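See below for the structure under consideration.
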Amino acid sequence: MENSPKPGKVWLLVLVASLGYFVDIYDLIIFSIVRVQSFQDIGIPEEQMRSNGEFVLNMQMAGLLLGGIIWGIIADKFGRLKVLFGSIVLYSLANIYNGFVQDVNTYAWIRFVAGIGLAGELGAGITLVSESMDKGKRGYGTMIVAGLGVLGAILAYYVSEWFDWRTAYFVGGGMGLCLLLLRVGTFESGLFKKQDNQNAVKGNLLMLFTKKERFLRYLYCLCIGLPIWFVVGVLVTQAPEIGRALQSEVPLSAGKGVMFTYLGISLGDVLAGLLAQWFKSRKKVVFICQMLIILFAVWYLSSTGISENKFLLLAFLLGLGVGYWATFVTISAEQFGTNLRATVATTAPNFVRGALIPSTLLYGWLVSKMGILYAAMAVTILLSIIAIFALTRLEESFDKDLNYMEE
């Protein structure tokens, strides 16, 4: 790459992006982990916990969807680095304030603000790393970002076990503010600076919808990520209900399941990155992941009398299957020119998270028709088939030169 930065500075950038995503994941799931304890402490009656929990989580999701658009546009108009600084300041301060809330409405609005901040981290980080590294090696960079980043979920679980829920929020916010000091040594993408000197339309979200081919390219990028959050948000999170349907030996713990799933995702992200370098193809890796998702989901949902250890093993294996999260975001970034790349890389993961809503609506309807096990199996297989079809419509982007713009 012309005027490439020194390797040491590039790897510092990878480390900073990785730690940023680590804090991002911690803060993204901390509410799900401390929900019951925090609601009890602020006086929410037990019969209102489920509905209030959905309200707060939906507010966070709304923040993620709005933030994905805001930060994507800022990254393409004003620079990727501004997003890495701005987003972490916003969600760090929001998390610190979350440690002081006394009522559910304040709780929800602060999670909304935190969601806006959390939306910018991964897309901007992946875009910056992809544009700063050699095209044949950038997969290693994005692999490290995601592989290290998702371990934030493990820390969130243990912090919530060791400390009070308010302290857990303070830890998340404090980690983010400390990370700002590391970010002082990072640099802006050379491709963005080159584009910034040209008279090009930058960060215009409407450009994704004004040309059929470009809109379909974006839609296919979204579709390849659809199975990821259904596996985490339904197959693992609803483990107690699925366990009862499977006549499990003991009640299955969603908390433990999520932790083992994220361990699998972390290893899966590393393996997906290594396999992409080996095959010289990201598409082949995503296809393999879809096959693993179907295999492990069917195994899980047909395991009558499942034990806790078998559930945790299958949660880990399902995590391996959906561990192409970084590969999905990287593919999305590589499909578009510099003037739209960060908009796509930032909105795509957040829109895919939001797509869990229609997926769960379909799942809920099917549960009434065929029961929880067959419904979960049907939706998982359907989403993987959609992902495979979308994959066939996208060009291979492994060794693609990213020095171009959308017109």
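The values are calculated or read from the model by the stated rules, or taken from the named source; none is laboratory data. From a predicted model like this one, the values you see are computed outputs, not experimental measurements. Glycine also receives a Cβ, built like all others from the backbone with ideal geometry; neighbour counts cover every protein chain displayed. These area figures cover heavy atoms from the full protein model, side chains too; ligands, DNA and RNA do not enter into them. Shrake-Rupley method; radii C 1.70, N 1.55, O 1.52, S 1.80 Å.
Observations on the model:
- Placing +1 on each Lys and Arg Cβ and -1 on each Asp and Glu Cβ, with no other charges, gives segment 1-141 a dipole about its Cα centre of roughly 640 debye.
- Rg/Rh (Cα only; Kirkwood hydrodynamic radius) as it applies to the chain: 0.96
- Note on segment 213-280: Kirkwood hydrodynamic radius from all Cα pairs is 14.3 Å, rounded to one decimal.
- Three-way shape label, segment 25-66, alpha-carbon gyration tensor, a/c 1.5: oblate
- Counting protein heavy atoms only, the chain has 66 percent of its accessible area on carbon and sulfur, 1.4 angstrom probe.
- Overall form of segment 240-395 per C-alpha gyration tensor (a/c, 1.5; a/b vs b/c): prolate
- Whether segment 20-176 is rounded, prolate or oblate, judged on the alpha carbon gyration tensor where a/c under 1.5 counts as rounded: prolate
- Cα-based convex hull volume of segment 284-373 per residue, rounded to whole Å³: 111 Å³
- The residues of the chain expose on average 40 square angstrom of accessible surface per residue, using a 1.4 Å probe on protein heavy atoms.
- Segment 227-352, relative contact order [Cα under 8 Å, separation at least 6], %: 33 percent
- Distance (nanometres) between label positions extended 7 Å along Cα→Cβ at Met291 and Ser307: 3.0 nm
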